[in-house]
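The values are calculated or read from the model by the stated rules, or taken from the named source; none is laboratory data. Predicted, not measured: the structure shown is a model, and the values here were computed from it. Note that we place each Cβ from the backbone using ideal geometry, even for glycine, and neighbour counts take in every protein chain shown. Protein only, heavy atoms only, side chains kept; ligands, DNA and RNA dropped before computing areas. Shrake-Rupley method; radii C 1.70, N 1.55, O 1.52, S 1.80 Å.
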Amino acid sequence: MNRSASDRPVLTVRPRSQDTVSATTSLQQLTDQLEHLEAEAAAAIAATSSANELEELRVSLLGKKGRLSAVLGAMGRLPGEERPLVGQRANVLKDQVQTLLADRLSAVKGAALADRLARETLDVTAPASYVPPGHRHPLLSTVEEIVDIFAGLGYRVEEGPEIESDHYNFTALNIPENHPARDMQDTFYLSDHQLLRTHTSPVQIRHLESNPPPVRIVAPGRVFRRDAVDATHSPVFHQVEVLAIDEGLDFSHLRGTVTAFLQQFFGDLPVRFRASYFPFTEPSAEVDVQWRGRWLEVMGCGMVDPAVLEGLGLDPERWSGFAAGLGVERFCMVRHGIDDIRRLYTSDLRFLEQF
Ligand code: DAH
């Protein structure tokens, strides 16, 4: 143990590693240490930036094994009359440090909150990040346009299943087994007389089965044929079916309706009806529009065959009507000048984004 020059009793304090190693101390030294501690504590507290750091600092300054405790421990070895001086000073220091810690804690918390608010603030007026909006596929917009025109004429939209029975797809439409018309509509057969429907005409039967006339419906949908793919054929394509049944409907109603529809879709183009054959209509016709100087076949139609009505239990003496069917792809291709049906299915955005 060293002795000080004044020959006062000297005390040992636990040295801090960064202090100059000194094994003994006096009142002066303890007071100096407290002073030093005060300045250091104030600087350290001011430098903290989180509640955790502050807590660590509190423990190292005021905790049981902290800096202040070390000084107070050393105090016990001062002469009795000097102790209160150090004790008072230490108490003041402790209060100061506690106040500084509390103040800093609320400042740090306040800053953290402000920072979080700033980071999480939503600017509801900021422009949204860009999401390409996309748009209707040209086939879909064609269906919608067709359906809209018929809706304007008082027609209701109906749909039917794509997996259909032989009965609805053929027999009920006056196409019995072994009828040559089946040849032109070869399809994909499933078990139990189920098949992929070759046209939307079965919706006529399904609708009339559960809805007594008068009816006016338009039935868009996907249909299937066993066709090889080329520029104008696809094994999967789309049709829209039209059906009107009422008392007193005749061919002039058919002609008027189809002409009004075509002129609304294509503009005021010449329209002609050619006699044709479909098993479920009698008489039947094919309809052409004059498009860019040539006649273009766009749909089939006819007066609903009495045999079809009878099959549904409807009296053909009372009820009559007309039906029509069209291929959506054809309408879409003519409308947009598309030369190859395959372009409609390949999902090439460079193509689709033009419409
Ligand atoms: N279902 C016929 C087809 O796919 C098109 C058709 C023709 C429908 C005449 C009709 C119609 O309703 O009356 O070839």
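Quick one: divide the alpha-carbon radius of gyration of the chain by 2.2 N^0.38 Å and tell me what you get. Before the final figure, lay out the partial values.
On the way: Rg = 47.0 Å, N = 355, 2.2 N^0.38 = 20.5 Å.
Scaled against compact globular proteins, the figure is 2.29.
Using r as the Cβ-Cβ distance of THR99 and ALA47, and R0 as 22 Å, what FRET efficiency do you calculate, to the nearest 0.05?
That gives a FRET efficiency of 0.85.
Under the definition of Cα pairs under 8 Å and six or more residues apart, what whole-number percent is the relative contact order of the chain?
12
Just how many % of Cα pairs in the range 280-337 lie over 18 Å apart, if you round to the nearest whole percent? Provide the component values of the computation, followed by the final result.
Working: 762 of 1653 pairs.
Beyond 18 Å sits 46 percent of the P(r) for the range 280-337.
What whole-number value in Å² describes the accessible area per residue of the range 131-258 for a 1.4 Å probe?
Details: 6390 Å² over 128 residues.
In whole numbers, the range 131-258 has 50 Å² accessible per residue.
What translational diffusion coefficient, to the nearest whole µm²/s, does the range 128-241 have by Stokes-Einstein, given a Kirkwood radius computed over alpha-carbon pairs, a temperature of 20 °C and 1.002 mPa s viscosity? Working shown, then result.
On the way: Rh = 15.9 Å.
The estimated diffusion coefficient comes to 135 µm²/s.
Connecting C-alpha atoms closer than 10 Å in a GNM of the chain, tell me which of LEU262, LEU78, LEU153 has the biggest fluctuation.
LEU78
Hey, with R₀ at 25 Å, roughly what FRET efficiency would ASP148 and GLN194 work out to, going by the Cβ-Cβ distance, to 0.05?
On the way: r = 33 Å, r/R0 = 1.30.
Step by step, r from the Cβ atoms, then E = 0.15.
Counting only C-alpha contacts under 8 Å and six or more residues apart, can you give the relative contact order of the range 222-355 as a whole percent?
Answer for the range 222-355 is 28 percent.
Quick check: Cα centre of the range 97-127 to Cα centre of the range 167-185, how many Å?
78
Rounded to the nearest 500 deg cm²/dmol, what is the calculated helix-only ellipticity per residue at 222 nm for the chain, with -39500 (n - 2.57) per DSSP H run of length n ≥ 4? Please report the intermediate quantities before stating the final value.
Numbers: 11 runs with 143 residues, N = 355.
Here the helix-only value at 222 nm equals -13000 deg cm²/dmol.
Roughly what angle does helix 138-152 make with the longest principal axis of the chain, taking Cα atoms, 0 to 90 degrees, to the nearest 10?
Helix 138-152 sits at roughly 60 degrees to that axis.
Past the 16 angstrom mark, what percentage of all C-alpha to C-alpha distances in the range 177-232 do you count?
On the way: 894 of 1540 pairs.
Taking all Cα-Cα pairs of the range 177-232, the fraction more than 16 Å apart is 58 percent.
Carbon-plus-sulfur fraction of the accessible area of the range 103-257, 1.4 Å probe, in percent? List each step's numbers first, then the result.
Working: 4910 of 8960 Å².
Roughly 55 percent, rounded to a whole number.
I'd like to check one number: the per residue accessible area of the range 304-355, probe 1.4 Å, reported in Å² as a whole number.
Working: 2700 Å² over 52 residues.
Computed with neighbouring chains in place, this is 52 Å² per residue.
Pairs of Cα atoms under 8 Å, at least six residues apart: use those to get the relative contact order of the range 22-177, whole percent. Please report the intermediate quantities before stating the final value.
Values: 67 pairs, mean separation 33.8, N = 156.
Relative contact order here is 22 percent.
Tell me which chymotrypsin sites (Phe, Trp or Tyr not before Pro) from the range 107-158 have a DSSP coil assignment and no more than 10 other beta carbons within 10 Å of their own.
Values: sites: TYR130, PHE150, TYR155; in loops: TYR130, TYR155.
In loop regions of the range 107-158 (DSSP not H, G, I, E or B), the sparsely surrounded chymotrypsin sites (Phe, Trp or Tyr not before Pro) are TYR130.
Per 0.36 nm of contour for each residue apart, how much would the distance between ARG342 and GLU38 grow if the chain were fully extended, relative to their Cα-Cα spacing?
On the way: separation 304, 0.36 × 304 = 109.44 nm, distance 8.50 nm.
Stretched out fully, the ARG342 to GLU38 stretch lengthens by 100.9 nm.
Could you calculate the contour length gain from GLU55 to GLU120, that is, 0.36 nm times the residue separation minus the distance between their Cα atoms, to one decimal place in nm? List each step's numbers first, then the result.
Values: separation 65, 0.36 × 65 = 23.40 nm, distance 2.67 nm.
Here the segment from GLU55 to GLU120 would lengthen by 20.7 nm.
Once phi is turned into θ = phi - 60°, what whole-Hz ³J(HN,Hα) does the Karplus curve with 6.51, -1.76 and 1.60 give for every residue of the range 248-265, x standing for Gly and Pro?
My calculation for the range 248-265 gives x, 7, 9, 4, 5, 5, 4, 4, x, 5, 5, 5, 4, 4, 5, 6, 6, 7 Hz in order.
Counting other Cβ atoms within 10 Å of each Cβ, which trypsin sites (Lys or Arg not before Pro) in the range 273-355 have at most 13 and sit in a DSSP loop?
On the way: sites: ARG274, ARG292, ARG294, ARG318, ARG330, ARG335, ARG342, ARG343, ARG350; in loops: ARG292, ARG318.
Those satisfying the criteria are ARG292, ARG318.
With each label point set 7 Å from Cα along the Cα-Cβ vector, what nm distance links VAL236 and SER106?
7.0
Binning at 10 angstrom from zero up to the longest distance, how are the C-alpha pair distances of the range 180-330 distributed in percent?
Taking all Cα pairs of the range 180-330, the binned fractions are 10, 38, 36, 14, 1 percent.
Counting each pair of different Cα atoms once, what's the Kirkwood radius of the range 66-137 in Å, rounded to one decimal?
Values: mean 1/r = 0.0568 Å⁻¹.
Value: 17.6 Å, from the Cα pair sum.
Compute the separation of the alpha-carbon centres of the range 249-268 and the range 291-355 and state it in Å as a whole number.
Between the Cα centres of the range 249-268 and the range 291-355 lies a distance of 13 Å.
Could you compute the FRET efficiency for THR171 and LEU349, with r as their C-beta to C-beta distance and R0 at 41 Å, rounded to 0.05? Write out the running numbers ahead of the final one.
Numbers: r = 43 Å, r/R0 = 1.06.
About 0.40, to the nearest 0.05.
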